[in-house]
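Below is one structure, written out as structure tokens; comments come after it.
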Amino acid sequence: MLPHTIRNLLYLLAFYLFVLTAPLFAQSTPDGEPAVGSADRIALWPDGLAPGDKPLPSPRRIVERSADPALPDRYIDHVSTPYLVVHRPARPNGDALLVIPGGGYQRVVLDKEGTALVPAFTEQGGTTLFVLRYRLPGEGRADREAALADAQRALRLIRHRAGEWGIRPHRIGVMGFSAGGHLAARLGTGFDASVYPPTDAIDGESARPDYQLLVYPVIDMYGPDTHAGSRQRLLGDTPSPELLQRYSMQTRVRMDTPPTFLLHAGDDDVVPVGNSLLFYQALRTAGVTTELHLFPHGGHGFGVRGTAGLTSVAWPRLALDWITSLPPPPRTAP
């Protein structure tokens with residue numbers, strides 16, 4: 001039997017270990033999201049709601065579509081109070097990516113185009129990921145710019161707090177998938193659009209990404225390659241020709257659009273490869289640095305899980321190498 005003094009010391013040690021580690025086990029909720037107020041969950045807006053917005057009639061919902069606990073496949077919808085979930089590397093390289101998952105502007109996919117990126121981009125690549133839970137159109141919200149407002153605010157927030165997270169403020173990119181790629185392209189071509197009133201010092205930051213990665217993105221809204229579901233959710237049943245033109249991202253490219261990495265599968269029958277081709281040509285015409293990778297197989301929505309046995313398995317490494325190859329921003333005069 002242990003001496004009384006040693007036994008008491010062990011009890012005390014166990015107690016203090018519990019006190020110190022208990023918060024770590026209380027950081028997530030039953031739906032897999034970080035708890036409100038935890039360091040890994042960051043509200044976008046000071047009061048939770050965006051300026052002028054109001055809560056949706058339906059509460060926020062997270063749905064798990066996978067029966068395999070090792071491969072979660074959640075989505076979220078009815079978002080009233082948008083937020084970021086942060087994935088930090090053990091050895092940050094100073095780069096950050098605002099990740100905008102897809103979901104056809106009907107839902108936001110959380111794992112296939114969110115947490116599944118962590119091994120390649122965060123653990124191996126050293127990139128800090130900020131995965132966006134954004135407001136969706138078509139849920140009783142009339143403002144079709146709400147998602148862009150969330151993306152702008154998220155980029156500004158990351159830049160404003162870059163020093164806190166070991167991020168270089170001029171190495172912050174955006175990566176969007178499918179309809180999230182459309183939103184990322186809206187950010188990259190409309191980073192200075194006035195879509196919400198400034199609220200605090202964060203809104204004094206630039207919302208321009210330093211680079212953008214668009215993975216099987218929705219781009220076109222009026223041609224044969226249009227993704228009808230995304231168009232209907234964003235623009236309604238009978239959008240005007242002016243709306244179709246305005247929200248076709250190949251028409252919005254400008255000279256200061258960020259350098260762009262495009263990735264698509266040739267056999268994508270949901271969002272056809274013509275979307276990336278249109279955007280690539282518009283970028284070249286505008287003189288914007290761009291790199292395009294087309295893989296013969298992969299379909300749509302492959303993320304990083306659906307690439308086994310395909311040449312597209314290499315895309316995370318290609319993307320990280322491309323980011324590394326980008327030149328530093330020009331020095332500004334003192």
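Taking region 159-213 only, how many residues are hydrophobic (A, V, I, L, M, F, W, C), within 30 Å of His227 (Cβ to Cβ) and either modelled with pLDDT under 95 or part of a helix (DSSP H, G or I) (or both)?
Count: 5.
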Legend entry - Every residue from region 91-106 that is touching a residue at least 40 places away in the same chain (Cβ under 8 Å) and assigned to a loop (DSSP other than H, G, I, E, B): Pro92, Gly94, Asp95, Pro101, Gly102, Gly103, Gly104, Tyr105, Gln106
Inset, instruction - Scan region 201-211 and give yes if some residue there is hydroxyl-bearing (Ser, Thr, Tyr), over 29 Å from Pro296 (Cα atoms) and open to solvent by 30 Å² or more (accessible area, probe 1.4 Å), otherwise no. - result: yes
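Could you grab me the full set of residues in region 69-90 that are in a loop (DSSP other than H, G, I, E, B) and in contact with a Ser or Thr (Cβ under 8 Å, 6 or more places away or on another chain)?
Once the filter is applied, which keeps residues that are in a loop (DSSP other than H, G, I, E, B) and in contact with a Ser or Thr (Cβ under 8 Å, 6 or more places away or on another chain), region 69-90 yields Pro72, Asp73, His78, Arg88, Pro89.
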Inset, instruction - Return yes or no: is Val288 out of contact with any helix residue (DSSP H, G or I) (no Cβ under 6 Å at 6 or more places or on another chain), surrounded by fewer than 18 Cβ atoms within 10 Å (Cβ to Cβ) and not polar (S, T, N, Q)? - result: no
Inset, instruction - Quickly run through region 216-239 and pick out the residues that are part of a loop (DSSP other than H, G, I, E, B) and of a type in the set (A, V, I, L, M). - result: Val218, Ile219, Met221
Legend entry - Residue check for Glu123: modelled with pLDDT of 95 or more, part of a loop (DSSP other than H, G, I, E, B), open to solvent by 10 Å² or more (accessible area, probe 1.4 Å) and of a type outside the set (Val, Ile, Thr): no
Inset, instruction - Would you please name the residue that is farthest from the chain's Cα centre (by Cα), looking only at residues in region 240-272 that are surrounded by fewer than 18 Cβ atoms within 10 Å (Cβ to Cβ) and part of a loop (DSSP other than H, G, I, E, B)? - result: Ser240
Legend entry - Of residues in region 22-39 being open to solvent by less than 60 Å² (accessible area, probe 1.4 Å) and in a loop (DSSP other than H, G, I, E, B), the one modelled with the lowest pLDDT: Thr29
Legend entry - The lone exception for Ala142 - which of (1) outside any loop (DSSP other than H, G, I, E, B); (2) free of Cβ contacts under 8 Å to residues at least 60 places away in the same chain; (3) among the aliphatic types (A, V, I, L, M); (4) within 26 Å of Ser194 (Cβ to Cβ) it fails: (1)
Inset, instruction - Among residues belonging to region 47-77 that are within 23 Å of Glu139 (Cα to Cα) and touching a residue at least 60 places away in the same chain (Cβ under 8 Å), point out the one that is surrounded by the most Cβ atoms within 10 Å (Cβ to Cβ). - result: Ala50
Legend entry - Residues of region 295-314 classified as in contact with a helix residue (DSSP H, G or I) (Cβ under 9 Å, 6 or more places away or on another chain), surrounded by 16 or more Cβ atoms within 10 Å (Cβ to Cβ) and over 13 Å from Gln124 (Cβ atoms), total: 6
Legend entry - Tabulated pairs, region 290-310, first farther than 17 Å from Ala179 by Cβ, second assigned to a strand (DSSP E or B), C-beta under 6 angstrom, 6+ apart or interchain: Thr290/Thr260; Glu291/Phe261; Leu292/Leu262; His293/Leu263; Leu294/His264; Phe295/Ala265; Gly298/Ala265
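Tyr134 - would you say it is more than 12 Å from the chain's Cα centre (by Cα), within 23 Å of Val270 (Cα to Cα) and buried (at least 24 other Cβ atoms within 10 Å of the Cβ)?
no
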Inset, instruction - Output the qualifying pairs, or none if there are none: Cβ atoms under 8 angstrom, residues six or more apart or on different chains, first residue in region 186-201 and farther than 22 Å from Ala162 by Cα, second residue of a type in the set (Phe, Trp, Tyr) and part of a loop (DSSP other than H, G, I, E, B). - result: Arg186/Tyr247
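The values are calculated or read from the model by the stated rules, or taken from the named source; none is laboratory data. Quantities reported herein were computed from a predicted structural model and do not represent experimental measurements. All Cβ positions, even for glycine, are placed from backbone atoms using ideal geometry, and neighbour counts span all protein chains on display. Side chains included, ligands, DNA and RNA excluded: accessible areas come from the protein's heavy atoms. Shrake-Rupley method; radii C 1.70, N 1.55, O 1.52, S 1.80 Å.
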